[in-house]
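The values are calculated or read from the model by the stated rules, or taken from the named source; none is laboratory data. Predicted, not measured: the structure shown is a model, and the values here were computed from it. Virtual Cβ from ideal backbone geometry, glycine too; neighbours counted across all protein chains shown. Accessible surface areas use protein heavy atoms only, side chains included; no ligands, DNA or RNA. Shrake-Rupley method; radii C 1.70, N 1.55, O 1.52, S 1.80 Å.
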Amino acid sequence: MDRRAQAIEAFEARLGHVFLDRALLDRALTHPSIGQGARKPPDNDRLEFLGDRVLGLVIADALMAGDEGATAGDLSKRLHARVSGEACARVARSLGLGEALRLPGGESRRGARDHETFLADACEAVIAALYLELGLEQAAAIVLAAWKPLLDEALDAAQNNPKSALQEWAAANGRSQPAYRLISRAGPDHQPLFTVEVAIDGAAPETAQAGSLQAAEKAAALGLLLRERGET
């Protein structure tokens with residue numbers, strides 16, 4: 001058994017389901033940048049689209065059932081935090097999904113198996129594959145088991161929306177509004193790396209890197225907010 005086959009076996013064991021349709025699983029684990037033209041294998045792009053919707057439904061249903069008194073606004077905040085790209089990547093890492101991915105040659109050496117966007121997209125694609133193979137009820141049970149640590153966590157407003165939290169903190173403390181600046185963009189188009197700086201009056205700027213501009217801004221905002229609140 002080769003290394004990737006072992007990784008897939010370990011991934012399925014952690015997931016709690018061994019796929020009968022091996023082609024469906026392979027498609028869910030295949031990044032769209034693999035191959036081209038007639039030689040291009042089926043990839044997970046369309047499955048990711050479906051899985052995103054299945055995940056949203058499953059988690060929304062669980063949140064409503066878990067707190068019958070919550071307002072729609074509260075539920076929306078909780079849902080966003082638990083179906084975000086960061087959340088999906090976190091679950092993917094807990095399942096060992098990265099090692100099971102099918103990636104272009106050389107990408108593994110560049111750390112693509114731990115790339116947040118790659119992991120998040122593949123995680124949603126696997127959810128779609130579960131839904132197609134098992135139906136909603138059984139797929140939901142597997143998803144909820146994987147998401148249990150996130151569902152059990154208390155929601156921190158700063159973690160959920162750090163840019164808004166930093167803006168509110170700055171206003172409450174008489175500081176200027178946060179100013180974001182793109183320092184650099186590196187890497188290929190399918191795996192970019194953005195470096196962003198955020199600054200407010202009376203504090204040293206904070207920089208952060210991520211695979212998207214929005215994620216880098218959020219990471220920088222969270223870092224600055226936690227530092228200024230004395231939590232780092």
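What to note about this one:
- Evaluation of R113 against (1) touching a helix residue (DSSP H, G or I) at 6+ places or on another chain (Cβ under 6 Å); (2) modelled with pLDDT of 85 or more (one fails), failing number: (2)
- Yes/no for A179 being of a type in the set (G, A, S) and within 23 Å of L119 (Cβ to Cβ): no
- The single condition among (1) in a helix (DSSP H, G or I); (2) open to solvent by less than 30 Å² (accessible area, probe 1.4 Å); (3) modelled with pLDDT under 95 that G106 does not meet is (1).
- In region 89-99, the residues that are in a helix (DSSP H, G or I) and either surrounded by fewer than 21 Cβ atoms within 10 Å (Cβ to Cβ) or at pLDDT 95 or above (or both): R90, V91, A92, R93, S94, L95, E99
- Within region 42-67, the residues that satisfy the criterion of being open to solvent by 60 Å² or more (accessible area, probe 1.4 Å) and closer than 20 Å to A140 by Cβ are F49, R53, L57, D61, M64, A65, G66.
- When residues of region 68-85 are limited to those that are outside any helix (DSSP H, G or I) and surrounded by 13 or more Cβ atoms within 10 Å (Cβ to Cβ), the one modelled with the highest pLDDT: S84
- Whichever residue in region 2-19 is assigned to a loop (DSSP other than H, G, I, E, B) and at negative phi and, among such residues, is least open to solvent (accessible area, probe 1.4 Å): F19
- Against the criterion of being farther than 30 Å from M64 by Cβ and open to solvent by less than 60 Å² (accessible area, probe 1.4 Å), V143 does not qualify.
- Within the set A186, A216, the sole residue that is open to solvent by 30 Å² or more (accessible area, probe 1.4 Å) and either touching a strand residue (DSSP E or B) at 6+ places or on another chain (Cβ under 9 Å) or acidic (D, E) (or both) turns out to be A186.
- Only residues that are modelled with pLDDT of 90 or more, open to solvent by less than 50 Å² (accessible area, probe 1.4 Å) and small (G, A, S) were counted across region 20-41, and they come to 1.
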